[in-house]
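See below for the structure under consideration.
The values are calculated or read from the model by the stated rules, or taken from the named source; none is laboratory data. Bear in mind that the values here come from a model prediction, so they are computed numbers and not experimental data. As a convention, Cβ positions derive from the backbone with ideal geometry for all residues, glycine included, and neighbour counts pool all protein chains shown.
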Amino acid sequence: MVLLAATACSSSHDGNAVADGPTAGPAKGTITWFANQFGPTDVDVRKTLITAFEKANPGIKVELEQAPSNSDTFRAALTGQIFGGSSGFDVYNGDVTWPAQFGKAGLALALNKYFPASYWKTFSPGLVDSVTYNNMIMGAPLFTDHAFLFYRKDLLEKEHLPVPTTWEQMQRAAQKLQQDRLVKYGFAGQWASYEGLTAGWTEFAADAGARSVNQAGTKATVDSAASLKALTFMRGLITKGIAPQAITTFKEPQSETLFTSGQVAFERNWTYAYADANSPASSIAGKVGIAPLPTFAGQPGPGYSVTGGWNMYLNPHSRNIGASVAFIKWMTGAQAQKTLATAGGEIPTNASVLADPTVQASNPAYPIAAKNKLRARPSHVVAYPQVSQAIYRNINAALTGGASLSRALSKASSAITSALGNSGL
Ligand code: GLC
């Protein structure tokens, strides 16, 4: 039997319709969790968490189904299966950028009715809002992601260079370290044509004072002088040989490998990269510093970090909602969130776990994250997949040298305009 979600609607507190969904049922049996790996590469924290959950809940078994690590590829796999009515998995992990699209398309069950109001108060401020579409709480926040500047502490000390707080300073320090043959490259990030580039672009653009879409989500604003400044700087890192030409094909693993093999001085990456850089497999363990991202000279620091992270969503076709709800609840509770932070190197979403002094002391990323300046990608629009694609395809073309910078921005602008025009909010 296939359960059809979002057919029934009830009234929420403020009178708007909320997709009701089937009742939960008993919390027992086997469920499948469709999730990509998160946290450090050498410890699969998903498995640690499943083992602990099963110990605490002997009536429930969780099977792990490996999902693609690339956010876009994972989303395509999910949408195909859910639209096809698949009940092959119950709970799935999904990016923070998905709630609007998934809410509009009914790709996840609204969680409102399965958890009391007190449950939603356990999350850090703003998180529940970020997963809410049209009063439907589309997912439970599992972990938050920020971007940081990872740097070679040993090399900066050797050359008496400060930790850069502006991009221009980062560029000069990188060039100095390259000239002195201490590293091959100065900077690595994720500039391939995929979601990771939309994240990185949003940061550079925000530092220059630009947005790709206006805050109301109704208009493309990417074709601006401030965007051109950001793009010119990014392309300059490549033409000056500070970033390798191949950065335009880098996703997270390639940028990490360049850094952990000691070939690059600075790396923009997500929270877990700190754990990876200091793991036994890293040739630079113990030599790595972490700082907020820089901004452009003349701007108040720090630079912007995009808001990243992953939520747990419920498949509308799940045949075991009771056990799925119990699993989501446990994964967002104190024990799991502490494990996720201390062993998994990810920022917990549970506010009291994040505030716990032992958690704060376990990873220097957490106290820095508290001071980071955040900027969301324009994922509040339901056409976000098309908007993001318009950004990463055109920015990537400019970065490779395949399109002029101003032409890339005007093409991105028209592609965003048509995506917004086609969707309706
Ligand atoms: C990280 C972030 C996620 C982002 C992705 C891009 O997984 O948590 O929000 O979309 O990287 O590659």
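Look at Leu49 and say whether it is of a type outside the set (Val, Ile, Thr) and within 30 Å of Thr198 (Cα to Cα). In short, no.
Of the residues Ser261, Ser282, Ser324, Ser318, the single one that is crowded, with 21+ Cβ neighbours inside 10 Å, farther than 20 Å from Asp95 by Cβ and over 21 Å from the mean Cα position of the chain (by Cα) is Ser282. Looking at the stretch 334-425, the helices (runs of 4 or more DSSP H) lying wholly inside it that each contain 2 or more residues that are free of Cβ contacts under 8 Å to residues at least 40 places away in the same chain and either outside the structural domain of Val131 (by TED's automatic domain parsing) or farther than 30 Å from Phe150 by Cα (or both) sit at 384-400, 405-423.
Among residues of the stretch 245-257 that are closer than 19 Å to Ala398 by Cβ, those with a Cβ under 7 angstrom from a residue that is part of a helix (DSSP H, G or I) and within 14 Å of the ligand (Cβ to nearest atom), sequence gap 6+ or separate chain, pair up as Thr248/Asn396; Lys251/Gly196. Here Asp129 meets each of (1) of a type in the set (D, E, K, R); (2) away from the ligand (no atom under 15 Å from the Cβ); (3) under 27 Å from Tyr274 (Cα atoms) with one exception, condition (3).
When you go through (1) in contact with a Pro (Cβ under 8 Å, 6 or more places away or on another chain); (2) at pLDDT below 95 one by one for Ala19, which number turns out not to apply? Tallying (1) in contact with a Pro (Cβ under 8 Å, 6 or more places away or on another chain); (2) at pLDDT below 95, Ala19 fails exactly one: (1).
Take Ile347 and tell me if it is β-branched (Val, Ile, Thr), within 30 Å of Met170 (Cβ to Cβ) and within 16 Å of the ligand (Cβ to nearest atom).
So Ile347 passes the test.
Is it fair to say Ala110 is within 16 Å of the ligand (Cβ to nearest atom), in the same structural domain as Pro22 (by TED's automatic domain parsing) and more than 24 Å from Gln37 (Cβ to Cβ)? It is false that Ala110 is within 16 Å of the ligand (Cβ to nearest atom), in the same structural domain as Pro22 (by TED's automatic domain parsing) and more than 24 Å from Gln37 (Cβ to Cβ).
Considering every residue within the stretch 282-291, establish whether at least one is touching a Phe, Trp or Tyr at 6+ places or on another chain (Cβ under 7 Å) and charged (D, E, K, R). Within the stretch 282-291, not a single residue is touching a Phe, Trp or Tyr at 6+ places or on another chain (Cβ under 7 Å) and charged (D, E, K, R). Across the stretch 164-187, the number of residues qualifying as assigned to a loop (DSSP other than H, G, I, E, B) and within 25 Å of the chain's Cα centre (by Cα) comes to 2.
Checking each residue of the stretch 184-195 against the condition of being out of contact with any helix residue (DSSP H, G or I) (no Cβ under 9 Å at 6 or more places or on another chain), in contact (Cβ under 8 Å) with a residue 24 or more places away in the chain and farther than 30 Å from Ala351 by Cα gives no match. Of all residues in the stretch 59-77, those that are touching a residue at least 40 places away in the same chain (Cβ under 8 Å) and more than 16 Å from the ligand (Cβ to nearest atom) have Cβ atoms under 9 Å from Cβ atoms of residues that are of a type in the set (Phe, Trp, Tyr) and not in a helix (DSSP H, G or I), 6 or more apart or on another chain, in Val62/Trp33.
Within the stretch 78-107, work out how many residues are charged (D, E, K, R) and either away from the ligand (no atom under 16 Å from the Cβ) or out of contact with any helix residue (DSSP H, G or I) (no Cβ under 9 Å at 6 or more places or on another chain) (or both). It would help to see each step written out before you state the result.
In the first step, residues of the stretch 78-107 are kept if they are charged (D, E, K, R); the result is 90, 95, 104.
Restricting the remaining residues to those that are either away from the ligand (no atom under 16 Å from the Cβ) or out of contact with any helix residue (DSSP H, G or I) (no Cβ under 9 Å at 6 or more places or on another chain) (or both) gives 90, 104.
Counting residues in the stretch 78-107 that are charged (D, E, K, R) and either away from the ligand (no atom under 16 Å from the Cβ) or out of contact with any helix residue (DSSP H, G or I) (no Cβ under 9 Å at 6 or more places or on another chain) (or both) gives 2.
Of all the numbered requirements in (1) within 16 Å of the ligand (Cβ to nearest atom); (2) of a type outside the set (Lys, Arg); (3) in contact with a Pro (Cβ under 8 Å, 6 or more places away or on another chain), Gly322 misses one, and that requirement is (1). Only one of the listed residues (Thr202, Thr232) is hydroxyl-bearing (Ser, Thr, Tyr), within 16 Å of the ligand (Cβ to nearest atom) and not in a loop (DSSP other than H, G, I, E, B). That residue is Thr202. Flag: Ser227 does not match the condition of being part of a helix (DSSP H, G or I), touching a residue at least 12 places away in the same chain (Cβ under 8 Å) and within 14 Å of the ligand (Cβ to nearest atom).
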